[in-house]
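Report on the structure given below.
The values are calculated or read from the model by the stated rules, or taken from the named source; none is laboratory data. As the structure is a computational prediction, the values presented were derived from the model and not from experiment. Positions of Cβ are generated from backbone atoms using ideal geometry, with glycine treated the same way; all protein chains shown enter the neighbour counts. For accessibility, only protein heavy atoms count, side chains too; no ligands or nucleic acids. Shrake-Rupley method; radii C 1.70, N 1.55, O 1.52, S 1.80 Å.
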Amino acid sequence: MSRLKSLPGLFVALTLLVFAQAAQAKDMVSVDRPEINMRSGASTQHSILWALSKGYPLEVTRRKGNWLKVRDFENDAGWVYRPVVGKTPHVIVKGRVVNVRSAPSTSSRVLGKAEYGEVLRTVEHRNKWVKVQREGGMKGWVSRGLVWGW
């Protein structure tokens, strides 16, 4: 009987854990055009801060109509027009030069290198590794700690 009494408490604890993890999940988008503008405010009347290239990952921090307040891997913030971003997962290299490997292990063969600021398409996640692909090119694994995004 005592086990049955603890089941509702266990259910509540598990439900809270699931919601806490969902709340921590980042709301990510990526640039879905060859190039878009990041602006200082939520309209085309605001100044352009930067031009962002296709695939560039951004974290959404606020919404205002069809505009998204976003931040990038360097914590720079601005606004982008929602219709020009999408949900195709990408990462950006935050290490100076990182190894792209044949398997998710530091002992696997190095296929190539990726440099700081390079945008790579996210293909798969495995433990602390991300399988990435250069546009039209090399596919391999990068340590999750060396990239930012999806």
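A few remarks follow.
- Where the range 19-150 is the region considered: accessible area per residue in Å², 1.4 Å probe: 56 Å²
- Pairs from Lys69/Lys113; Lys54/Lys128; Lys94/Lys131; Lys26/Lys139; Lys26/Lys113; Lys94/Lys128 whose Cα-Cα separation, in the structure shown, is over 21 Å: Lys69/Lys113; Lys54/Lys128; Lys26/Lys139; Lys26/Lys113
- For the range 55-131, the list of GluC sites (Glu not before Pro) that fall in a loop by DSSP and count at most 13 other C-beta atoms within 10 angstrom reads Glu74.
- Centre separation in Å (Cα based) which lies between the range 104-148 and the range 54-87: 23 Å
- Scalar couplings 3J(HN,Hα) for the range 102-115, obtained by applying the Karplus form with A = 6.51, B = -1.76, C = 1.60 to θ = phi - 60°, are 6, 8, x, 7, 5, 8, 7, 5, 7, 8, x, 10, 10, 10 Hz; x denotes Gly and Pro.
- ³J(HN,Hα), Karplus 6.51/-1.76/1.60, whole Hz, each residue of the range 88-100, x for Gly, Pro: 6, x, 9, 10, 10, 6, 10, x, 4, 9, 10, 7, 9
- The overall shape of the range 15-150, judged from the alpha-carbon gyration tensor, is oblate: a/c is not under 1.5, and a/b is no greater than b/c.
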